[in-house]
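To start, the structure under review is shown below, and the notes come after it.
The values are calculated or read from the model by the stated rules, or taken from the named source; none is laboratory data. Computed from a prediction, not measured in an experiment: that's the story for all the values here. A quick note on method: Cβ atoms are made from the backbone with ideal geometry, for glycine too, and the neighbour counts reach across all protein chains shown. Surface areas here come from the heavy atoms of the whole protein model, side chains and all, with no ligands, DNA or RNA. Shrake-Rupley method; radii C 1.70, N 1.55, O 1.52, S 1.80 Å.
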Amino acid sequence: MFADAAAYERVLHSPRFTVEALAAAYHADPGAVAIKPFARLRTIKVVLPRPASSGSPADCDVYGSQQHFPLGAWEI
Amino acid sequence: MSAAIRYLSLCGLLGYGYAEESLRRALDGPLDFIGVDGGSTDPGPYYLGSGKGFVKPLQVRRDLSLVLRPALSRGIPLIIGSAGGSGARPHVESTLGILRDLAREQGLRFRAAVVYADLDPGLLQRALSEGRLSPCGGAPPLLPGGLDGLRHPVAQFGTEPIQAALRTGAEVVVCGRCCDAAVFAAWPMMHGIPAGLALHAAKIAECGALCARPAGANDSLLVTLGPDSFTVEPPNPVRRCTPESVAAHSLYEQPDPECFYEPEGRIDMRESTFEPCGERGVTVRGTVLVPAAEPTLKLEGAGFRGCRAITVAGLRDPVAIAALDAIEAGVRVAVASAVSGFLAEGDYALRFLRYGLDAVTGNHEPPPSPPPREVGLLIDAVAPTQELADTLVSLARSSALHQAFPGRKATAGNLAFPCSPSDFSAGEVYEFGLYHLLRTRGLDLAFEPEVITIGSAP
């Protein structure tokens, strides 16, 4: 949750924070990436496709719990 | 105005535990039913494929042992969803076994309605050939032959089969794989609560007190529903719900925080309001159901992909850490050569996961600079049999331990093993071979309840 509405708006509308930029960083198909603003809670949900099906031989994060990086280290 | 409905979600997942105090406090008031969800695909396809639970029988036993007698003695139906974790027949049988043990030990006798979710292979084949299956959540399309060797295909059924089970008058309803929300929405929808409210409340309730603060999937949640609102409140006085904590729950386990999908349709929360109710409750209004134009069910099935063995070790030597690519390449060559008489290179997978470097986010991030002081190495082999996987890891481990690399100074061994034995057989590996939506119109897909008696006559 962003601390205030200004921070939320700044990130949401930043030219750095786009579906294309996310797809490039995560080596994903842009058509499978989504940015879902949730203004009620000043939160933005990002949807990213899995590189490997959960728990399949090639998977390395069964719950997908740690894939908020590299996004978490972005500077806006 | 119809009388309010009040129910208890025992905990976020059967076996995760809950405070005894929560159950005791909830029972101080009237309850229409007690529900608990047992299922999840989050831990991966192994549990569906293997027929095992991802929580241990002793955990399930503990959670049921406290609630069974008070529910039966007060005439409160107990609804268990996705029994045994994955909800296929062996998982359901495991839960029924625990109920039988408890009935014997506690001197209880009751009628249980069991709803199996297993799918007939013939029906699945027909659905595939009729083009009724479409991938769900990024799954690849099913190819002809994609159903071969699939273990435990199940459908995640919705509220209707649970309502049919409740109408039998059974005291306990044990469901195979079903929608988490259906466990908690079936009764309210049967009793006139609008489906949008009933399903939204259920979606929150199925996680126990996860929507409270402090959050706790390992504790209970009380839900009260009326014709135009519902209220959630944790019975445990150490927790409270806030409008933010309850609204935030819709960020969890669904791609869009403003809506989610159930077999009944799309639950739209764009107009929902969240207001405090008393000190620790939250009242929600305004959620609506947009009924599905085309009825669908989500199917799950596990494809067998081989057996796994692993070894875990650490590296401290900075020259070895810098040479990990070369070490890995050398080990791959050595292993391929050693197994060439009995295993072709294309028939196994060998992974080197380098914790501290790139095991978690891979090539999504540049390598850390400077390199870390220590790196954890997990060598993972998947092969057609356990014996072959064990052999691969044994060879990879000994090769990696002694592998030469440019600039090597220390020759005592490249790896620090924390355990002896250093290698572990990890069992079968599966993949969600079936993770698809099935268009059900015109199919004979009734999930009929089977009523059984558990416990013997006094």
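For chain B, adding -39500 (n - 2.57) for each run of n ≥ 4 DSSP H residues and dividing by the number of residues yields -8500 deg cm²/dmol at 222 nm. Packing, taken as the mean count of other beta carbons within 10 Å per residue, orders the peptides B:332-340, B:173-181 from highest to lowest as B:173-181, B:332-340. Accessible surface for the protein assembly as shown, divided over its residues, is 44 Å² per residue with a 1.4 Å probe. Averaging Cα coordinates gives a centre for the range B:1-70 and one for the range A:30-72; these two points are 28 Å apart. Counting only protein heavy atoms and a probe of 1.4 Å, the accessible surface of chain B is 54% carbon and sulfur. When both the range B:125-163 and the range B:375-409 are represented by their alpha-carbon centers, they are found 38 Å apart. In chain A, helical runs assigned H by DSSP with n ≥ 4 each contribute -39500 (n - 2.57); averaged across all residues and rounded to the nearest 500, the mean residue ellipticity at 222 nm is -5000 deg cm²/dmol. Summarise the long-distance tail of P(r) for the protein assembly as shown by giving the % of C-alpha pairs beyond 34 Å. More than 34 Å apart: 46 percent of the Cα pairs in the protein assembly as shown. Partner lysines whose Cα lies under 16 Å from the Cα of A:K45, excluding those fewer than 8 positions away in the same chain, are identified as A:K36. Between B:R332 and A:E75, what's the calculated FRET efficiency when r is the beta-carbon distance and R0 is 41 Å? Round to 0.05. Efficiency at R0 = 41 Å is approximately 0.60. Within the shell defined by Cβ-Cβ distances under 11 Å, the residues around B:I452 carry a net charge of +1, with Lys and Arg each +1 and Asp and Glu each -1. Association of chains A and B removes close to 2300 square angstrom of accessible area from solvent, both sides included, for a probe radius of 1.4 Å. With the cut-off at 1.5 for a/c, could you classify chain A from its C-alpha gyration tensor as rounded, prolate or oblate? The shape class here is prolate. Membrane-span-like helices in chain B, defined purely by DSSP H runs whose alpha carbon atoms cover 20 Å or more axially and whose average Kyte-Doolittle hydropathy reaches 0.5, are B:324-339. Going by the alpha-carbon gyration tensor, a ≥ b ≥ c the square roots of its eigenvalues, is the range B:321-437 rounded (a/c under 1.5) or, if a/c is not under 1.5, prolate (a/b greater than b/c) versus oblate? Oblate is the answer for the range B:321-437, as a/c is 1.5 or above yet b/c matches or exceeds a/b.
Within the straight-line cut-off of under 18 Å between alpha carbons, the lysines reachable from B:K298 are B:K203, sequence neighbours fewer than 8 places apart in one chain being disregarded. Would chain B count as rounded, prolate or oblate if I go by the C-alpha gyration tensor, calling it rounded below 1.5 in a/c and otherwise prolate when a/b exceeds b/c, oblate otherwise? Because a/c hits 1.5 or more and a/b exceeds b/c, chain B counts as prolate. Summarising the label geometry, the points placed 7 Å from Cα in the beta-carbon direction at A:S14 and B:A412 lie 4.7 nm from one another.
On the basis of the beta-carbon distance and an R0 of 35 Å, B:T242 and B:E374 show a calculated FRET efficiency of 0.25.
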